[in-house]
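Working notes for the structure below.
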Amino acid sequence: MQHQDFRMKIDSTVFGVRATALIVNDNRLLVVEDEDSFYTIGCAIQVYEATEDAVVREVREELGVASRAVQLAFIVENRFEQTGVHYHNIEFHYLVDLLEDAPLTMQEDAKPLPCRWLALDDLHTVNLKPAFLKAALPEWDGQLRHIHLKE
C-alpha cells in the first residue's frame, strides 16, 4: 500500500505538513551536510500518521537507528520560495533522543550524505536550514514556541 503524505501543489505553491527531528546531545545538534548547507532530518507526515511517529519513522529511514520523540519544541508556519516554487509549510520540530549511536552518514534516496554534530553556540556561523534554528534553538527555554516565518 502506498502512503499519501500531506503535500499538495496549487499553481506554483506547495503546501505541506512536516515533522523534523532536533537531535541534540551535549549542546550539539546533529545535522546533515549537503553541499554548502546543513539541515535537520525531517519529512512530510503521512495521512493518519501522528507527527511524533513521522519523526521516528524518518530517523529510522534516513539514519537507520531507533529513536523516540521527547518533546515538541517549535510549531512553525514557514513560507519561502526556492527555485521558482513557493512553499507554505506547517512544521512540527521535536527534540528526539536516539536509542542507538548516531551514524556519520544519512541515506537520502540512493545518495549517502555526511552527518555532523554542530555546537548550538556555533549554529549562527553556518548555512542551517531552517535558518530560524540558528537563534531559536540555543536560546530555547523548554517551552513550546509558535513561530511565523516569511521570506
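The residues in the range 92-131 that are over 14 Å from Arg60 (Cβ atoms), touching a residue at least 40 places away in the same chain (Cβ under 8 Å) and open to solvent by 40 Å² or more (accessible area, probe 1.4 Å) can be counted, and the count is 7.
Here Pro130 clears all of (1) within 19 Å of Ala44 (Cβ to Cβ); (2) touching a Ser or Thr at 6+ places or on another chain (Cβ under 7 Å) except the condition numbered (2). The residues of the range 85-110 that are hydroxyl-bearing (Ser, Thr, Tyr), at pLDDT below 95 and within 20 Å of Ile75 (Cβ to Cβ) amount to a single one, Tyr87. Evaluating Lys134 against the criteria (1) in contact (Cβ under 8 Å) with a residue 12 or more places away in the chain; (2) within 15 Å of the chain's Cα centre (by Cα) leaves one unmet condition, (1). Scanning the range 74-85 turns up at least one residue that is of a type in the set (A, V, I, L, M) and over 24 Å from Asp141 (Cα atoms).
List the strands (runs of 3 or more DSSP E) that sit entirely inside the range 37-86 and contain at least 2 residues that are in contact (Cβ under 8 Å) with a residue 24 or more places away in the chain and open to solvent by 50 Å² or more (accessible area, probe 1.4 Å). Break it down stepwise before answering.
Working: elements: 37-39, 41-44, 67-82.
In the range 37-86, 67-82 are the strands (runs of 3 or more DSSP E) which contain 2 or more residues that are in contact (Cβ under 8 Å) with a residue 24 or more places away in the chain and open to solvent by 50 Å² or more (accessible area, probe 1.4 Å).
The values are calculated or read from the model by the stated rules, or taken from the named source; none is laboratory data. Worth saying up front: this structure is predicted, and the values here are computed from it rather than measured. Positions of Cβ are backbone-derived with ideal geometry, glycine not excepted, and every protein chain shown enters the neighbour counts. Ligands, DNA and RNA are stripped out before the accessible areas are found, and what is left, the full protein with its side chains, is counted by its heavy atoms. Shrake-Rupley method; radii C 1.70, N 1.55, O 1.52, S 1.80 Å.
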